[in-house]
Amino acid sequence: MRKELDSTTELAILEAARKVFIMKGFDGARMQEIANEAEINKALLHYYFRSKDKLFEAVFIEAFVKLVPAILIVLNSKLSLFDKIRDFVEVYLDALNQNPHIPIFILHELSHNEDRLSRIVRSSGLNPTLFIQQVKDEISAGNIIPIDPRQLIVNMLALCIFPFVGRPILKTVLFNQSEQEFRDFIQTRKAVVPSFIISAISKKQSS
């Protein structure tokens, strides 16, 4: 029974922290706010997570662990390159939509703790080797323009991540603060981004 209570409390803390980090970012979030959101006292929060830094890392790892298997399935699948790009974008946008704190964590870690972020990514098992080779094979077959596979990967990631990093500005400038319009926009990007990338690298379409 004690283990069940511990597990329930920890899940409540992680859920509360996720909400507060999304609303306030890392620097704006306060442990007391997270304790209030989880409906526990601050001392109990510190019992489970000694610091805001440790809690932020736990929230990120929880989301990242859920994301990695889906990405690995796509990257290591036997799909064609273009279908793989389409699936990758859909999976990644869905994950970011459900876990908008991921970009916040990445930006924070890049400026404060780059080594820890690198360690988390390395331990995740993410390995784009097969995808990189597939891109090279498509170039050799004359199906796509010559492009550094690493550039392609970065382009795919950037086109997915930026709307979430720039969410406050985009909602103000483009969507009149409407969360629903922003969500509809992200849904549309599942088709727009792959189409843009495929058009850019396809020899048939670019010739």
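Anything in the range 32-55 that is surrounded by 17 or more Cβ atoms within 10 Å (Cβ to Cβ) and of a type in the set (Ser, Thr, Tyr)? List them, or say none.
Tyr48
What pairs can you find where one residue is in the range 114-136 and among the polar types (S, T, N, Q), the other is at pLDDT below 95, and their Cβ atoms are less than 7 Å apart, with a gap of 6+ or different chains?
Final answer for the pair search is Ser124/Phe64; Ser124/Val68.
Return the only residue of Ala63, Ala58, Ala29 being surrounded by 18 or more Cβ atoms within 10 Å (Cβ to Cβ), farther than 29 Å from Leu152 by Cβ and not polar (S, T, N, Q).
On the way: Ala63 fails: farther than 29 Å from Leu152 by Cβ; Ala58 fails: surrounded by 18 or more Cβ atoms within 10 Å (Cβ to Cβ).
Selected residue: Ala29, the only one of Ala63, Ala58, Ala29 that is surrounded by 18 or more Cβ atoms within 10 Å (Cβ to Cβ), farther than 29 Å from Leu152 by Cβ and not polar (S, T, N, Q).
Condition check: of a type in the set (A, V, I, L, M, F, W, C), at negative phi, within 24 Å of the chain's Cα centre (by Cα) and assigned to a helix (DSSP H, G or I). Does Ala43 satisfy that? Spell out how you get there, then give the answer.
Numbers: of a type in the set (A, V, I, L, M, F, W, C): yes; at negative phi: yes; within 24 Å of the chain's Cα centre (by Cα): no; assigned to a helix (DSSP H, G or I): yes.
No; evaluated as a whole, the condition is false for this residue.
For the range 153-207, give me the residue count where each residue is of a type in the set (D, E, K, R), surrounded by fewer than 16 Cβ atoms within 10 Å (Cβ to Cβ) and either over 30 Å from Ser140 (Cα atoms) or under 19 Å from the mean Cα position of the chain (by Cα) (or both).
Residues meeting the conditions: 4.
Have a look at Phe82, Phe105 and point out the one that is more than 14 Å from Ile161 (Cβ to Cβ), in a helix (DSSP H, G or I), of a type in the set (Phe, Trp, Tyr) and out of contact with any Lys or Arg (no Cβ under 7 Å at 6 or more places or on another chain).
Working: Phe105 fails: more than 14 Å from Ile161 (Cβ to Cβ).
Selected residue: Phe82, the only one of Phe82, Phe105 that is more than 14 Å from Ile161 (Cβ to Cβ), in a helix (DSSP H, G or I), of a type in the set (Phe, Trp, Tyr) and out of contact with any Lys or Arg (no Cβ under 7 Å at 6 or more places or on another chain).
Is the range 123-141 home to any residue that is buried (at least 16 other Cβ atoms within 10 Å of the Cβ) and touching an Asp or Glu at 6+ places or on another chain (Cβ under 7 Å)?
no
Has the range 7-19 got at least one residue that is closer than 24 Å to Val165 by Cβ, touching a His at 6+ places or on another chain (Cβ under 7 Å) and at pLDDT 85 or above?
To start, the set of residues in the range 7-19 that are closer than 24 Å to Val165 by Cβ comprises 14-19.
This time we only want the ones that are touching a His at 6+ places or on another chain (Cβ under 7 Å), so: 18.
In the following step, the residues that additionally are at pLDDT 85 or above were identified as 18.
Yes: the range 7-19 contains one or more residues that are closer than 24 Å to Val165 by Cβ, touching a His at 6+ places or on another chain (Cβ under 7 Å) and at pLDDT 85 or above.
If the requirement is being of a type outside the set (Asp, Glu), assigned by TED's automatic domain parsing to the domain that holds Leu67, over 27 Å from Pro103 (Cβ atoms) and assigned to a helix (DSSP H, G or I), which of these qualifies: Gln133, Gln151?
Working: Gln151 fails: over 27 Å from Pro103 (Cβ atoms).
Going through Gln133, Gln151 in turn, the sole match is Gln133.
The values are calculated or read from the model by the stated rules, or taken from the named source; none is laboratory data. Just so it is clear, the structure is predicted and the values come from calculations on it, not from any experiment. So basically every Cβ, Gly included, is an ideal-geometry build from the backbone, and we count neighbours across all protein chains shown.
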